[in-house]
């Protein structure tokens, strides 16, 4: 009963956090009273999760404790010295609080809460509480998906908020449901993706969702439970996915030449993401502790948004935290391949690609992945056990073991 109460408290706080984050990204933040409420809520959540951790009295081993303390110190320095905000601190507290909490429930709660919160914002638009602004964007004169796009924001501050969230939730579903993701669900995703593209004009998200759906079935056909990727290939993927994407991002940004035809085509295809990254790196040099949360945003000194997730992370939080975050994701890739969890790897792979065009490496929408990483006490991020082709999260813990069916 005591554990049930702890889980209930955790999910109440977690749901409040998710709702607060979604509404903070909408036009409600432009109302002074609401903005004040959002800030107070975040401060309350920091206090609440801190108390939750102290009450639970977690037994943390030395290595994990040093890791947590290191991240905490770096986060506080970034927050205090460079106005880095409290987003990283809140994510860290939530992840620590998720100790011995069912990952199945964390994934499901996250997906449903974020989805319903976005629907609530859309309802507010139809009730004329907030407005739906519509803009047009011209992309290229010829080529793939070029043309003039109408872009709705449906009450949010950015026009690709809804399709981007839709993509991240779909990748979370692949990582969570694995081979149990139904065909009907994928058909709904494919159809919804088409209409979202027509309404919001987010080309890259549109392509990534279709490619993720296609590769989901390729993986389902080609990879059985006995398939094992060789060790050298695992290490190659570990070093090529997140570190590779980061290297590509910084290489093209630092070597950008506006007179080059190749860079002109690439920059136009990516809607000036390369040139913006180049200007951002020239104005805000990469440092150990970063330049704060506004450094890569439209409200900062640059006057525009740096959408590349790897460059945005480096500018905001600095080299040390960037390397730590990339190592966490790379380790998740390594273990998912080693334990033959190819669906989890697929979700992470497309998430790495998506961050080339949208900054989400420290988004509240992918907290379940960080909770999964933290769930490891020894060598595995989360333990899996296959019984009748079913995968269970964390079977070694009693709170999940009781949900398993005995054979």
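The values are calculated or read from the model by the stated rules, or taken from the named source; none is laboratory data. Quick caveat, the model's predicted, so the values are computed rather than measured. All Cβ positions, even for glycine, are placed from backbone atoms using ideal geometry, and neighbour counts span all protein chains on display.
The residue of the range 238-248 that is surrounded by the most Cβ atoms within 10 Å (Cβ to Cβ), among those that are in a helix (DSSP H, G or I) and touching a residue at least 24 places away in the same chain (Cβ under 8 Å), is 242. Within the range 338-352, the presence of at least one residue that is modelled with pLDDT under 85, in a helix (DSSP H, G or I) and farther than 17 Å from residue 247 by Cα is confirmed. Only one of the numbered conditions (1) loosely packed, with under 15 Cβ neighbours inside 10 Å; (2) in a loop (DSSP other than H, G, I, E, B) is not met by residue 188, and that is (2).
The rows are residues; the columns are (1) within 25 Å of the chain's Cα centre (by Cα); (2) surrounded by fewer than 12 Cβ atoms within 10 Å (Cβ to Cβ); (3) free of Cβ contacts under 8 Å to residues at least 24 places away in the same chain.
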{"site": "192", "(1), (2), (3)": "yes, no, no"}
{"site": "199", "(1), (2), (3)": "yes, no, no"}
{"site": "216", "(1), (2), (3)": "yes, no, no"}
{"site": "236", "(1), (2), (3)": "yes, no, yes"}
{"site": "250", "(1), (2), (3)": "yes, no, no"}
{"site": "261", "(1), (2), (3)": "no, yes, yes"}
{"site": "273", "(1), (2), (3)": "yes, no, no"}
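If only one of 88, 74, 93 is surrounded by 19 or more Cβ atoms within 10 Å (Cβ to Cβ), modelled with pLDDT of 85 or more, touching a helix residue (DSSP H, G or I) at 6+ places or on another chain (Cβ under 6 Å) and under 16 Å from residue 361 (Cβ atoms), which one is it? The unique qualifying residue is 88. If you go through the range 160-175 one residue at a time, do you hit one that is modelled with pLDDT under 95 and more than 28 Å from residue 12 (Cβ to Cβ)? Looking for residues that are modelled with pLDDT under 95 and more than 28 Å from residue 12 (Cβ to Cβ), one finds at least one in the range 160-175, hence yes.
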